[in-house]
């Protein structure tokens, strides 16, 4: 499997490690009233889609960047690769 | 403090192997300094002021001929600087350039360096390197961090037919063995 890195171009998947669902970027606010419930969901609950899945990959044997990869879990086709940093900033995070 | 008169040994003991069309040789005597940074614009300004240089983007390198510096842009928040080692504190020489814009560490003794050169060098590397090393894609001056034979390697094309490889000193002999084996497989 080849991941087309936004900065570096196509790289073999063996250079990366896989973390999981990209929703991990949306860490709940620990000060919220229902923080315990939100963190329970954040830590334990995952969708297990057949088809398109947004997920976090780390380019460990490369430029050490985190990526959000949109991959089809049936075909392994990768339709989009973004820097996780850009995704996080777009969602209002500082970095 | 006691005075010692010690002679440094290079990680690969001066390895040099010549094959038909390919030479594999250790490169030693280079200081390797890492500069990590969080504010790219800040470091760019510092480098422009002290070296009159535009900081290369990730995957590219720059040379400063006057000071014999080779700058490898490895990732969006880290560069390596290679230059002839003359003193014991190469990190301080680079800290002077980076000012307060970079976190500087001396990694000179952490890496083993190999140069693979000659008309057969790209063929020699194709079995071990997953990157596309075609000169139109991996151009002269390009640099990348990748994996070869399960070992982390920084590869830099420093000529049409010349590649500089860097890998961790702790596994230097395995790395050299892997590269030499890769050459022997195609020659």
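Values in this text are rule-based calculations from the coordinates and carry no lab data. Quantities reported herein were computed from a predicted structural model and do not represent experimental measurements. Please note: Cβ atoms are built from the backbone with ideal geometry, for glycine as well, and neighbour counts cover all protein chains shown.
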Per-pair calculated FRET efficiency, R0 = 22 Å: residue A:23 and residue A:78 via Cβ, rounded to 0.05: 0.75
Estimated Rh, chain B: Kirkwood, alpha-carbon pairs, angstrom: 17.3
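Hey, what D do you get for region B:78-174 in µm²/s if you plug the Kirkwood alpha-carbon radius into Stokes-Einstein at 20 °C and 1.002 mPa s?
Numbers: Rh = 14.9 Å.
Translational D for this selection: 144 µm²/s.
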Three semi-axes of the equivalent ellipsoid, the protein assembly as shown, Cα gyration tensor, whole Å, largest first: 37, 26, 18
Helix-derived mean residue ellipticity, 222 nm - over the protein assembly as shown, DSSP H n ≥ 4, -39500 (n - 2.57), to 500: -6000 deg cm²/dmol
Debye log10 I(q)/I(0) at q = 0.16, 0.24, 0.25, 0.27 Å⁻¹ for region B:69-116, Cα point scatterers: -0.48, -1.05, -1.13, -1.28
Relative frequency of Cα-Cα separations exceeding 17 Å in region A:2-90, percent: 52
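With a Förster radius of 41 Å, plug the Cβ-Cβ distance of residue B:39 and residue B:160 into 1/(1 + (r/R0)^6) and report the FRET value to the nearest 0.05.
Values: r = 36 Å, r/R0 = 0.88.
It comes to 0.70.
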For B:55-66, mean number of other protein chain Cβ atoms within 10 Å: 1
